[in-house]
Amino acid sequence: MTAKYSCVTHRIIAIMSGVEKAFSYRFYPTTEQESLLRRTLGCVRLVYNRALAARTEAWYERKERLDYIQTSALLTQWKKQDDLQFLNEVSCVPLQQALRHLQSAFSNFFAGRAKYPNFKKKRNGGSAEFTKSAFRWKDGKVFLAKCNEPLNIPWSRRLPDGVEPSTVTIRLNPAGQWYISLRFDDPRELTLQPVDPSVGLDVGISSLITLSTGEKIANPKHFNRYYKRLRKAQRSLSRKQKGSRNWDKARLKVAKIHQKISDARKDHLHQLTTRLIRENQTIVIESLAVKNMVKNRQLARSISDAGWGELVRQLEYKAQWYGRTLVKIDRWFPSSKRCGQCGHIVEWLPLSVREWDCPKCGAHHDRDINAAGNILAVGHTVTVCGAGVRPDRHTSGGQLRRSRKSQK
């Protein structure tokens, strides 16, 4: 590489022993179980919101910072109030876990890793976390606290032999579907046999990803498949009186369509990422700032539907599980504008240009394939010499545009 490239912070995901995992299953509670679980979710939401309000009020009125211990003491007082006696009817563990999650949210906020915590809303469903003291694992069945019968879980895959879950999380999605997540430490060695191929990935919209091998994976565009049904359901919802039974039925219909879109997207991404992990030893991809990208109103829906963030997330943990290497290069690297033959960087290359000729060596490039090849080349530099590459900011097109504006 030429001298105008400097070191860049990179991230390589490698295998670890004793990986913590979580398997999620859909389950079907009985009438009694559903009643108890709904009350539990409501109490968790109430405790979380009251604690958040108390911490916010303490800071703005008295400049005091309440922590988990103080909010836990408040919870004890709330349980003694006549109008909050129903808090004693559910397990206390999910309520305490809600306070711990709030403490984590504030810790992330003060560390600059997240925004200020928001209040929980009933329409989002909700979740409740049970630690070992609030559930029982017996003969491959889950018994929650205050429930005499095990949960009806159609096991799509079993937990490893001799493994018991350490935490159980119950979740109700907006579509009215119940899910349970079992967290456990997997002692198995799942490392795949080493293979030779390495691949660079360039994400896109028309093609979901383009491989450095020249293969293009089409974007299924799941949202477009359900768009007409969703628009019809949303139009019907808008005509209903908010809060009525018909409004609730229409809302549920909209939520189910959204859930179908989400399930289809995740299923496709799981199949794709599993294939990439099995076929390649090293996978190189750009670090993406999806939150910034979706600010573009013209591309926001297409970017969200593509699921780039979920794609990277799955590659990360599957690489960790199966002994593969995932390399993230800096998103400012001009992978599309750099000639893969001679290294020349063109100053301007709009998104509408899908093929271009290098003005220096005359090589003809497919925009996406050329970008994927450049990404792979940078990834090899990271894995071989331990350093990434990044162009000087004044050579990038974005910085050129900023400098031109400043000169005016």
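The values are calculated or read from the model by the stated rules, or taken from the named source; none is laboratory data. Computed from a prediction, not measured in an experiment: that's the story for all the values here. Positions of Cβ are generated from backbone atoms using ideal geometry, with glycine treated the same way; all protein chains shown enter the neighbour counts. SASA here: full protein model, heavy atoms, side chains in, ligands and nucleic acids out. Shrake-Rupley method; radii C 1.70, N 1.55, O 1.52, S 1.80 Å.
Taking the Cα centre of region 198-385 as origin and charging only Cβ (+1 Lys, Arg; -1 Asp, Glu), how large is the dipole, in debye to the nearest 20? Can you show the working numbers first?
Details: 35 positive and 16 negative charges, 404 e Å.
For this selection, approximately 1940 debye.
Using only the Cα atoms, what convex hull volume per residue in Å³ does region 198-385 have? Kindly include the intermediate steps, with their values, before the conclusion.
Working: hull volume 25.5 nm³, N = 188.
Spread over its residues, the Cα hull of region 198-385 gives 136 Å³ apiece.
Spelling out what I want: for every residue of region 229-236, take phi, set θ = phi - 60°, compute 6.51 cos²θ - 1.76 cosθ + 1.60 (Karplus), and round to whole Hz; glycine and proline get x.
Values per residue, Gly and Pro as x: 5, 5, 5, 5, 5, 5, 5, 5 Hz.
Show me the ranking of peptides 306-315, 144-153 by mean Cβ neighbours inside 10 Å, starting with the highest.
Details: 306-315: 19.9, 144-153: 16.1.
So the order, starting with the most tightly packed, is 306-315, 144-153.
Less than 28 Å apart at the alpha-carbon level, and either on another chain or at least 8 residues along: which lysines does that give for LYS146?
LYS21, LYS79, LYS80, LYS120, LYS121, LYS122, LYS132, LYS138
Hey, any idea what % of region 19-186's accessible area is carbon plus sulfur with a 1.4 Å probe?
Working: 4400 of 9380 Å².
Answer for region 19-186 is 47 percent, counting heavy atoms of protein chains only.
Just the accessible area per residue of the chain, please: how many Å² with a 1.4 Å probe? Present the calculation step by step, with values, prior to reporting the outcome.
Details: 23310 Å² over 408 residues.
Value for the chain: 57 Å² per residue.
Between VAL19 and residues 5 or more places away or on another chain, which pairs have amide H atoms under 5 Å apart, with H built 1.01 Å from N, and which residues are they?
ASP186
With log10 I(q)/I(0) by the Debye sum over Cα atoms at q = 0.06, 0.11 Å⁻¹ defined as stated, name the option among (i) -0.27, -0.90; (ii) -0.34, -1.06; (iii) -0.23, -0.81 computed from the structure displayed.
(ii)
Modelled label-to-label distance, SER24 and ASP67, 7 Å Cα→beta-carbon offset: nm?
Taking the simple label geometry, SER24 and ASP67 are separated by 3.3 nm.
Taking every alpha carbon pair in region 126-204, what does the distance histogram look like in 10 angstrom bins from 0, in percent?
14, 38, 21, 17, 9, 1
How many percent of all Cα-Cα pairs in region 11-123 sit more than 22 Å apart? Kindly include the intermediate steps, with their values, before the conclusion.
Details: 2962 of 6328 pairs.
Tail of the P(r) past 22 Å holds 47 percent of the pairs.
Please identify every one of the trypsin sites (Lys or Arg not before Pro) in region 242-286 that sits in a loop by DSSP and has no more than 10 other beta carbons within 10 Å of its own beta carbon. Before the final figure, lay out the partial values.
Values: sites: LYS242, ARG245, LYS249, ARG251, LYS253, LYS256, LYS260, ARG265, LYS266, ARG275, ARG278; in loops: LYS242.
Qualifying residues, ordered by number: LYS242.
Whole-Hz Karplus ³J(HN,Hα) for region 129-138, in order, using 6.51 cos²θ - 1.76 cosθ + 1.60 and θ = phi - 60°, x for Gly and Pro?
After applying 6.51 cos²θ - 1.76 cosθ + 1.60, I find 10, 10, 8, 4, 6, 10, 8, 10, 10, 9 Hz.
Which lysines have a Cα lying under 22 Å from the Cα of LYS328, excluding residues fewer than 8 positions away in the same chain?
Result set, ordered by chain and number: LYS4, LYS216, LYS266, LYS291, LYS318, LYS337.
Of the listed peptides 89-100, 365-376, what is their order by residue-averaged count of other C-beta atoms within 10 Å, with the highest listed first? All intermediate terms of the calculation are to be shown ahead of the outcome.
Working: 89-100: 20.0, 365-376: 23.1.
Sorting 89-100, 365-376 by mean packing, highest first, produces 365-376, 89-100.
Excluding ligands and nucleic acids, what accessible area in Å² is computed for GLU64 using a 1.4 Å probe, to the nearest 10?
80 Å²
What does the charge dipole of the chain about its Cα centre add up to, to the nearest 20 debye, if the Cβ of each Lys and Arg holds +1 and the Cβ of each Asp and Glu holds -1?
Details: 73 positive and 36 negative charges, 463 e Å.
My answer is approximately 2220 debye.
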